[in-house]
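Here is the structure we will look at.
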Amino acid sequence: MNFKFLFILGLGAILLAGCSADVEDEMLGKPSSTETGADKMSSKVVERPFKSKADGNWFLVPSIDCEGLLPYSIEGTGNATHLGRFDIEGTLCAFPPEGLYFLTVKFIAANGDELIWESVEPFIDQNGQYTGGIFECKGGTGRFEMAEGTITVNEMLETTSVDPATGIPLSGTFTNAVTGTLAY
């Protein structure tokens with residue numbers, strides 16, 4: 001009798017240890033209690049069309065580290081799907097004679113949520129002028145923390161000031177139109 005009692009008690013303990021809440025939840029189709037916020041977010045990600053129009057200014061800023069390229073700051077405003085009215089902050093590291101343009105741009109919504117974009121393929125016209133490019137979303141903050149996407153930027157730049165000694169553009173304006181997709 002003692003043996004039967006110990007056997008049943010041992011079998012019960014093994015069964016209870018083997019049936020954790022996660023296994024039970026998995027069997028019932030519920031999310032695991034160890035699931036991370038990123039896992040939960042990825043199950044809700046939807047790819048959406050993205051469009052924007054913006055304008056603003058660019059200007060030479062020697063304090064930006066561009067590893068030997070010309071450092072420019074970008075500031076402006078625009079209007080976009082999923083953002084509404086937004087501010088633009090960015091940096092441009094460039095060497096126009098070689099067609100080198102590297103941009104990182106933040107779109108900042110009125111509520112402070114940010115989208116961060118990096119250029120992956122600049123568009124250069126036959127005169128060596130930057131005319132936009134393809135950008136990838138590198139995430140952001142708030143509802144865009146895990147955002148991904150790709151946009152095509154068609155841009156018009158106008159130089160308003162040039163260093164007379166070097167011919168280096170010092171400042172100017174931009175206008176652009178953007179189309180692409182954004183998943184968040």
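The values are calculated or read from the model by the stated rules, or taken from the named source; none is laboratory data. These numbers come from a predicted model, not from an experiment. Heads up, the Cβs are rebuilt from the backbone with ideal geometry, glycines too, and the neighbour counts pull from every protein chain shown.
Residue-by-condition table, conditions (1) of a type outside the set (S, T, N, Q); (2) modelled with pLDDT under 95:
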{"residue": "ASP65", "(1), (2)": "yes, yes"}
{"residue": "THR77", "(1), (2)": "no, no"}
{"residue": "ALA80", "(1), (2)": "yes, no"}
{"residue": "GLY84", "(1), (2)": "yes, no"}
{"residue": "ASP87", "(1), (2)": "yes, no"}
{"residue": "GLY90", "(1), (2)": "yes, no"}
{"residue": "PRO96", "(1), (2)": "yes, yes"}
{"residue": "GLY99", "(1), (2)": "yes, yes"}
Exercise. Working only within the range 130-139, note down all residues that are under 8 Å from the mean Cα position of the chain (by Cα) and on the phi > 0 side of the Ramachandran plot.
Key: GLY139
Quiz item: Would the range 30-51 turn up any residue that is part of a strand (DSSP E or B), more than 20 Å from GLY149 (Cβ to Cβ), at pLDDT 95 or above and out of contact with any helix residue (DSSP H, G or I) (no Cβ under 6 Å at 6 or more places or on another chain)?
Solution: no
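Have a look at ASP55, ASP125, ASP113 and point out the one that is touching a residue at least 24 places away in the same chain (Cβ under 8 Å) and over 15 Å from the mean Cα position of the chain (by Cα). Write out each step before concluding.
Numbers: ASP125 fails: touching a residue at least 24 places away in the same chain (Cβ under 8 Å); ASP113 fails: over 15 Å from the mean Cα position of the chain (by Cα).
From the options ASP55, ASP125, ASP113, the qualifying one is ASP55.
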Quiz item: Can you find a residue in the range 109-122 that is of a type in the set (Phe, Trp, Tyr), modelled with pLDDT under 95 and either closer than 12 Å to LEU83 by Cβ or in the same structural domain as ARG85 (by TED's automatic domain parsing) (or both)?
Solution: no
Quiz item: Is it the case that the range 81-99 has a residue that's buried (at least 17 other Cβ atoms within 10 Å of the Cβ), in the same structural domain as GLN129 (by TED's automatic domain parsing), assigned to a strand (DSSP E or B) and touching a residue at least 40 places away in the same chain (Cβ under 8 Å)?
Solution: no
